[in-house]
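The values are calculated or read from the model by the stated rules, or taken from the named source; none is laboratory data. Note that this is a predicted model, so its numbers are computed, not measured. Cβ placement follows ideal geometry from the backbone for every residue including glycine, while neighbour counts extend to all protein chains displayed.
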């Protein structure tokens, strides 16, 4: 996400660093380029204008132009203003004094309300809550069926209603009663949508709001629709009073204009972003981390949180011991690949790395998931003795392994070479001297990412 904007801004900063000293003229030129970059990223024109004016006011001061490292000062100013534009601090969900807290999920048809409801329920469940879901979309039976299927897959409760309950208000009222009786502390209400905003939809949502007195009204928007998502959010906010936004399909949006505009236009925070189709592909929105990522500074904190949530620390410690004892086998290499895949698409993980120094081209690296599947298949085709000692894998064994895994001898050779390189790389990282080692502290990461002390 934000690839296009990130590339353009980094070019601007690189040009500034190339200047002998900053002047009003080259600052004006840089600000024009930043403005164009924002507009090309589909940022709302009014938001882009306000952003540039705020940066200009601070960056054109004498203390910046005459500083020892003025270009770095400008980067800091841009970062600070971007954080402010995105919402300053992470906006957390509000809960009621007496459970259940009711959260209405609203938005246009096709924006991803139902899947976002299920993802949010999973996130709440993983973070100490006991949610229940209900769909009050009485116009599309498929929507209610979809939520029931998702709830069953997640092993979370959903209120399906009775045949007599044919109105949204009836379903919502019964679901709240059921949540209270079963000790659920959050009720997520998946509402009906339309292809466009109309009075009938808004009247229905307003009636539900009055009935349920929700702590949150979360507007779900499709990031791929850009400024249309911003306009819809603004309209929903004016007519209903939303408390925040969930932006879906952020992983497919290279521009990021909706994410950068929605808070400034509506005045309401962006609370979650959807970054994939899997149930766990919903992340809280952190303005400071997103700003750092846009400016090429990486999002190491989010990467660490993802690793801590997914990776078995005991296995990581055991892997560290093997590395230090020079006992890291092909079987261990396969296990590390499997653990890394649990974290999500590898390209999105690479995007969280700081884009500086030896890792400046990581975000451009294309990862073929099929090739990774082939790597695992090749190792699975080896005997336990071969996995334990790669030195015995001669030509005849390589041909047998290739045939057994449906690959070629050349691919087997490539795997063995990658394994040897990975051993060397991981040993340098585990020693704590590498760049990632210093950045990621004592966290135990798969594939040798970070020091293991």
**Q.** segment 120-172: number of residues that are without any contact (Cβ under 8 Å) to a residue 40 or more places away in the chain, under 16 Å from residue 103 (Cβ atoms) and outside any helix (DSSP H, G or I)
**A.** 6
Q | Hits in segment 77-114 (condition: over 19 Å from the mean Cα position of the chain (by Cα) and part of a loop (DSSP other than H, G, I, E, B)) | A | 94, 95, 96, 97, 98, 99, 100, 107, 108, 109, 110
Q. So which residues in segment 211-243 are surrounded by 24 or more Cβ atoms within 10 Å (Cβ to Cβ) and assigned to a strand (DSSP E or B), if there are any at all?
A. 217, 218, 219, 220, 221
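Would you be able to say whether some residue in segment 158-169 is under 30 Å from the mean Cα position of the chain (by Cα) and surrounded by fewer than 22 Cβ atoms within 10 Å (Cβ to Cβ)?
No: zero hits.
Could you identify the single residue in 267, 256, 274 that is at pLDDT 85 or above, assigned by TED's automatic domain parsing to the domain that holds residue 116 and surrounded by 22 or more Cβ atoms within 10 Å (Cβ to Cβ)?
Numbers: 267 fails: surrounded by 22 or more Cβ atoms within 10 Å (Cβ to Cβ); 256 fails: at pLDDT 85 or above.
Testing whether each residue is at pLDDT 85 or above, assigned by TED's automatic domain parsing to the domain that holds residue 116 and surrounded by 22 or more Cβ atoms within 10 Å (Cβ to Cβ) leaves just 274.
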Q: Would you check if there is a residue in segment 23-36 being surrounded by fewer than 20 Cβ atoms within 10 Å (Cβ to Cβ), in contact with a helix residue (DSSP H, G or I) (Cβ under 6 Å, 6 or more places away or on another chain), modelled with pLDDT under 85 and farther than 23 Å from residue 226 by Cβ?
A: no
Q: For segment 186-210, name all the residues that are loosely packed, with under 15 Cβ neighbours inside 10 Å, in contact (Cβ under 8 Å) with a residue 24 or more places away in the chain and assigned to a helix (DSSP H, G or I).
A: 206, 207
Q. If you scan segment 50-74, which residues turn out to be at pLDDT below 80 and under 29 Å from the mean Cα position of the chain (by Cα)?
A. 72, 73, 74
